[in-house]
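A.B. asks: Sharing a structure with you now.
Coordinate-derived values only; no laboratory data. Computed from a predicted model, the values in this text were never measured in an experiment. For neighbour counting, all protein chains shown are included, and Cβ atoms are generated from backbone atoms with ideal geometry for every residue, glycine included.
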Amino acid sequence: MTFNPSDFTATPDDGVAWITGASSGIGAALARKLAGEGWRVAVTARSADDLHALAADCAGASGEIRVYPGDTTDAARMAQTVAEIEADAGPIALAVLNAGVYLPVDGTNPDLKAFHKSFDVNLGGTVNSLVPLVEAMRGHGRGQVALVASVAGYGGLPTSAAYGATKAGLINLAEALKFDLDRIGVRIQIVSPGFVDTPATKNNPFPMPHLMQVEEAAARLHAGLKRRGVFEITFPRRFTWQLKALQLLPYRWYFALLGRTTGWSKKGPPSAARADVADAAE
Ligand SMILES: NC(=O)c1ccc[n+]([C@@H]2O[C@H](COP(=O)([O-])OP(=O)(O)OC[C@H]3O[C@@H](n4cnc5c(N)ncnc54)[C@H](OP(=O)(O)O)[C@@H]3O)[C@@H](O)[C@H]2O)c1
């Protein structure tokens, strides 16, 4: 029977799991889950102390957590990290490239730094991790990689001009790479969560429909990694499929519907502009 990369679900017998952005939130919860089912999990983020605390916390698990701190925006460090993991812990069989930042943008007063930081971490950091990883997996003849995007990548949403652009980029990147990675036996998947209760969302000033607890999100991600033939892992499905269906609407309806449901269409001009309007009206 021929090997179908889309059906490949890596197991601890195949090698190590690597998670970036594992010092908190979804990445940390997934690392705990994988260690609990016997994986040797290599974890990366900038906060080495948090990674070591996670490893200590999982010391009684059937698997183990090994710490490889690093900033994903540093391409040389990510190449070195992949090499270190493979030398110390074994071949990387499964990778979840999850490191990311959420920086809201007020489009009436856009902040260039928020755009650059989002592009550097969410897109640049993922690519810096992915390229040496693919090189390693090509050598092994198989592997499983998931990129953590977001439903904000499906279409433009208020405040998410920078974040959404990076997540749309990741979705497109994974779709494009699937054609080639299939040819070398490497399975690529995209993860599109809705709202998850993590440090990244705790200061959101707007209501978050269908907000999911982080352990539940990690469990859904974990289940999606094990499902054969699935390219996209998305949760909670009722919410994320509604957002996906909105993409079928003509733009006129899309903007009207989202403007109304998010309350954005009720927002007037920004305060500075309102003062101008008031001045002009006098
Ligand atoms: N929470 C949600 O509602 C939600 C929804 C959709 C998608 N997502 C995505 O899920 C992923 C995880 O987010 P989360 O909600 O779990 O947030 P989080 O708790 O803030 O986790 C983000 C992780 O990324 C790491 N990170 C950030 N910048 C990094 C860098 N330059 N180098 C290495 N690691 C870096 C952080 O660690 P350090 O700060 O220690 O480096 C942290 O471990 C992100 O890609 C996010 O966009 C989240």
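A.B. asks: Once you charge only the Cβ atoms, +1 for Lys and Arg and -1 for Asp and Glu, what is the size of the charge dipole of the chain about its Cα centre, to the nearest 20 debye?
C.D. replies: In total the dipole reaches around 960 debye.
A.B. asks: Run through segment 171-263 and list the trypsin sites (Lys or Arg not before Pro) located in a DSSP loop whose Cβ has at most 10 other Cβ atoms within 10 Å.
C.D. replies: Listed in order of number, the matching sites are Lys202, Arg228.
A.B. asks: Neighbour counts of other C-beta atoms within 10 Å: give me His140, His116 arranged from fewest to most.
C.D. replies: His116, His140
A.B. asks: With charges only on Cβ, +1 for K and R and -1 for D and E, what is the dipole size of segment 171-246 about its Cα centre, in debye, rounded to 20?
C.D. replies: Value, rounded to 20: 240 debye.
A.B. asks: Before anything else, pin down the relative contact order of the chain: Cα pairs under 8 Å, at least 6 apart, normalised by residue count, whole percent.
C.D. replies: Rounded, it is 19 percent for the chain.
A.B. asks: Evaluate E = 1/(1 + (r/R0)^6) for Tyr251 and Thr108, where r is the Cβ-Cβ distance and R0 equals 35 Å; express this FRET efficiency to the nearest 0.05.
C.D. replies: Efficiency for this residue pair is about 0.95.
A.B. asks: When Trp264, Trp253, Trp39 are ordered from fewest to most other Cβ atoms inside 10 Å of their Cβ, what list results?
C.D. replies: Trp253, Trp264, Trp39
A.B. asks: Something else: Suppose we keep just the alpha-carbon trace of the chain; what are its Rg and Dmax in angstrom?
C.D. replies: For the chain, the Cα radius of gyration and maximum Cα-Cα distance read 20.2, 80 Å.
A.B. asks: Skipping prolines and chain starts, which residues have an amide H placed within reach, meaning under 5 Å, of the one on Ala42, given they are 5 or more residues away or on another chain?
C.D. replies: When sequence neighbours closer than 5 places are left aside, the close amide H contacts are Ala17, Trp18, Ile19, Arg66.
A.B. asks: For segment 5-266, with the dipole built from +1 on Lys and Arg beta-carbon atoms and -1 on Asp and Glu ones, taken about the Cα centre, which of Val196, Gly15, Leu30 lies farthest toward the positive end?
C.D. replies: Val196
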